[in-house]
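Reviewing the structure listed below.
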Amino acid sequence: MKYISTRGQAEPCSVTHAILQGIAEDGGLYVPERFPDTQFDWEKLAGYSYAELAQYVLAPFLPEFSEAELADCLKEAYEGPFERACVAPLVQVGDVHFLELFHGRTAAFKDMALSLLPRLLTASIRKEHEQKKIAILTATSGDTGIAALKGFENVPGTDIIVFFPEHGVSPVQKQQMRTAEGDNTHVIGIEGNFDDAQRGVKRMLGDPAFLAEIDRRGYRLTAANSINIGRLLPQVAYYVWAYVRLVASGALLPGEPMNIAVPSGNFGNILAGYYAQRIGVPIKNRICASNRNRILADFFETGVYDARRPLYVTNAPSMDILVSSNLERLLFELAGRNGKSVASWMKDLAYDGCYEVDAALKEALGVRSANAGGADEKQASRSAFIYGGSCDEGDIERAIGDVYRAHGYVMDTHTSAAYNVYRTYVKQTGDTTPVVITATASPYKFAGSVCRALGLPEATDEFLAIDTLAKATGIPVPAGLRGLAERIVRHTAIARPDTMEEAALSGLR
Ligand SMILES: *Cc1c(COP(=O)(O)O)cnc(C)c1O
C-alpha cells in the first residue's frame with residue numbers, strides 16, 4: 001500500500017515516509033492509493049477490544065508495520081491512557097447515540113489519534129533510518145495542541161512546538177497548554193487567530209531557508225495537524241467500533257446502515273467517517289455540523305468555498321476555522337482522484353481566498369442548482385453527499401439545557417452543535433436512520449458555557465465553573481482537568497504571525 005498526494009505531483013511513498021514528511025512535496029496531502037477491501041464479520045468483531053479492532057482496521061493501511069509492532073503501538077496508545085476500559089463508549093440518549101471520544105488524557109477527541117501518532121512516528125523514524133531529531137510543528141485551535149503535547153511528552157527523538165491563538169482558545173485549554181510538562185515541549189501564543197497560526201506553520205513547512213536552518217540544528221520538521229495521514233488513520237477505527245457496538249446492542253442488524261453527525265472544524269473527524277465507509281462500514285448519510293463559522297455548510301450548499309469572511313470566536317472554539325485542510329482529501333476522492341483539479345482549487349484558495357468546484361464535482365456533492373427553488377429543497381438536502389448545516393451560540397446552549405433536562409445527559413458545546421444540526425437534518429429530510437453523533441469533548445472542557453446552558457450560577461472563572469458543574473451533575477471530572485488551576489505555568493512565550501519562525505527556532509537549540 002503506497003500513499004499518493006492529493007495534488008498528483010509527488011512520488012508515491014510508504015506510509016512511514018508519509019508520516020515523517022507530514023505534507024507532500026507538491027503541497028498536497030497524502031492519501032492511500034486505494035481503500036482496502038476489508039471483510040467485516042460484525043457479530044464476531046463484537047468480541048474485540050478497542051485495540052484489537054483498531055488493529056484489524058488499521059493493519060491494511062500500515063503494511064510496513066508487523067503485526068506485533070502494530071499491536072504494541074495500539075496497546076500503549078489505548079490501554080492505559082484512557083479512563084474507560086472500552087476507550088470510546090457508545091451511549092444511547094433518547095433516539096440518538098453519542099460516541100464518546102473524550103475519555104483520553106486531555107478530555108477531547110484529539111486524544112484518539114494523538115495517543116497513537118507518536119508511536120507510529122517513532123516506529124517510522126526507525127524504519128526510515130532517520131538520523132535527525134524530529135521537530136513536530138502544530139497550529140491548534142485548542143484541543144490538538146494539548147493532545148499533541150501530552151502525546152509527545154518526553155518521547156525520545158522528538159521536540160514538539162505548539163502555536164495557539166492567544167485570544168482564540170478557552171481559559172481551560174490555555175491553562176492545559178501553558179502547564180504542559182516534558183523537556184521537549186514548546187508552547188507559543190500567537191497574536192492572531194487560528195488561521196494565522198496554521199498559515200504560519202504551512203509557511204515554515206514549505207520555506208527552504210527555514211528548513212535549511214532546522215536541518216543545521218539537527219532536526220527534521222513534520223506536522224501533527226490532521227494533515228498528517230498518521231493523524232487521520234487512527235480515527236477510522238472508531239467509526240468501525242461505533243458500528244460494531246450498534247450491532248452488538250441490537251440497534252442495527254448486520255449490514256443495516258447508520259448515519260453519522262460530526263461537529264467539524266478541520267474536517268478530519270468526518271473525513272475519517274467517509275474513509276470508514278469506503279472500507280465497508282454501512283454509512284448512509286454524513287451530517288457535517290458547523291457553528292456560526294459556517295464556511296463548510298455554505299460550501300456543501302453551493303460548491304463555492306469562500307474564506308473571505310470574518311472569523312467569529314464562538315463557544316465551540318475548536319470549530320472556529322476558515323480553512324478546513326482535510327476537505328482537500330474529500331475533493332480528491334469526489335473528483336475521481338484528479339490531482340490537477342485539486343491543485344488548481346487549492347491555488348485559487350491560497351491566492352484569492354476562494355474557489356469554486358466544477359460542475360462534475362458539484363454533481364458529486366449533490367449541490368443544489370442555482371435555479372432549484374424551495375420545493376426542491378427537501379429533495380436536494382436528501383441527496384447531498386455531505387449534509388452541511390450550522391447553528392449559533394444560542395442554539396448550542398439551548399440544546400445542552402434541553403437534553404440535560406430531558407435525559408440527564410450533558411453535552412459539550414461542540415457535541416451540541418452536531419446535535420442541533422442533526423435535529424434540523426431530521427426535520428428537513430425525515431430520515432430517522434439510527435445516528436451516531438461524535439461527542440468530541442468532555443463538558444468540563446467548556447464548563448463556563450455548559451454551566452450557563454444549564455442555568456447554573458455564573459462562576460467568575462472557568463476553573464470554578466468546573467467545580468460548579470461537578471456539584472450540580474455529579475459527573476466525575478476527567479483526570480486531565482482536575483487541579484488544573486493549581487498547576488505550574490511553564491510556557492509564557494508570545495509571538496506575532498510574522499515572528500513564528502524565530503519563536504520556533506528558539507526552542508530548538
Ligand atoms: C478538533 C475538534 C473538533 C473539530 O474536528 P475536526 O476533525 O477538525 O473537524 C470538534 N470538536 C472538538 C472538541 C475538537 O477538539
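The values are calculated or read from the model by the stated rules, or taken from the named source; none is laboratory data. Small disclaimer: the values here were computed from a predicted structure and weren't measured. Note that we place each Cβ from the backbone using ideal geometry, even for glycine, and neighbour counts take in every protein chain shown. Just the protein is used for accessible areas: all its heavy atoms, side chains included, with ligands, DNA and RNA removed. Shrake-Rupley method; radii C 1.70, N 1.55, O 1.52, S 1.80 Å.
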Item to complete: Can you send over the carbon and sulfur percentage of the accessible area for the chain, probe radius 1.4 Å, protein chains only?
Response: 49 percent
Worksheet, complete the sentence: Heavy-atom accessible area of residue 348, protein chains in place, probe 1.4 angstrom, given in Å² to nearest 10, is 60 Å²
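Fully extended, how many nm does the chain gain between residue 508 and residue 25 (0.36 nm per residue separation, minus their Cα-Cα distance)? Walk me through the numbers before you get to the answer.
On the way: separation 483, 0.36 × 483 = 173.88 nm, distance 2.34 nm.
Extra length available between residue 508 and residue 25 comes to 171.5 nm.
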Worksheet item: In Å and whole numbers, how far do the C-alpha atoms of region 55-106 stretch along each principal axis, longest first?
Response: 43, 22, 16
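What does the helix-only formula give at 222 nm for the chain: each DSSP H stretch with n ≥ 4 adding -39500 (n - 2.57), the total divided by the residues, and the result rounded to the nearest 500 deg cm²/dmol? Spell out each step's value before the answer.
On the way: 22 runs with 221 residues, N = 509.
The per-residue figure over the chain is -13000 deg cm²/dmol.
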Fill in: Calculated P(r) tail over 22 Å for region 216-355, as whole % of Cα pairs
47 percent
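Which value does Rg/Rh take for region 247-309 over its C-alpha atoms, Rh per Kirkwood?
Radius of gyration over Kirkwood radius for region 247-309 works out to 1.08.
Quick one: putting +1 on the C-beta of Lys and Arg, -1 on the C-beta of Asp and Glu, what dipole do you get for region 87-208 around its Cα centre, in Debye to the nearest 20?
On the way: 13 positive and 15 negative charges, 71 e Å.
Charge dipole, region 87-208, about its Cα centre: 340 debye, nearest 20.
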Practice prompt. Whole number in Å², please: accessible area per residue of region 213-366, 1.4 Å probe, ligands, DNA and RNA not counted.
Written response: 30 Å²
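Let's test the formula: R0 of 41 Å, r as the Cβ-Cβ distance of residue 67 and residue 491. What FRET efficiency results, to the nearest 0.05? Please list the in-between numbers first.
Values: r = 39 Å, r/R0 = 0.96.
Result of the calculation: an efficiency of 0.55.
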Practice prompt. For region 157-278, state what percent of all Cα-Cα pairs lands in each successive 5 Å bin, counting from 0 Å until the bin that includes the largest distance.
Written response: 2, 9, 14, 15, 16, 14, 11, 8, 6, 3, 1, 0
Worksheet item: Along the principal axes of its C-alpha atoms, what lengths does region 216-255 span, in descending order and rounded to whole Å?
Response: 58, 12, 11
Worksheet item: Ratio of Rg to Rh for region 5-98, alpha carbon only, Kirkwood?
Response: 1.06
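Volume per residue, Å³, of the convex hull around the alpha-carbon atoms of region 58-205?
Working: hull volume 21.6 nm³, N = 148.
Spread over its residues, the Cα hull of region 58-205 gives 146 Å³ apiece.
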Worksheet item: Quick one: what does P(r) look like for the chain with 10 Å bins over all Cα pairs, in whole %?
Response: 4, 20, 32, 29, 13, 2, 0
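Would you mind checking the pairs 132/340; 2/340; 75/284; 150/471 and listing those with alpha carbons more than 23 angstrom apart?
On the way: 132/340 33 Å; 2/340 19 Å; 75/284 31 Å; 150/471 28 Å.
Checking Cα-Cα distances, 132/340; 75/284; 150/471 exceed 23 Å.
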Worksheet item: Treating the beta-carbon of each Lys and Arg as +1 and of each Asp and Glu as -1, no other charges, what is the dipole magnitude of the chain about its Cα centre, to the nearest 20 debye?
Response: 160 debye
Fill in: Ordering of 36-42, 78-84, 340-346 by burial proxy (mean other Cβ atoms within 10 Å per residue, highest first)
340-346, 78-84, 36-42
Worksheet item: In Å, the Kirkwood hydrodynamic radius of region 408-461 over pairs of distinct alpha carbons?
Response: 12.5 Å
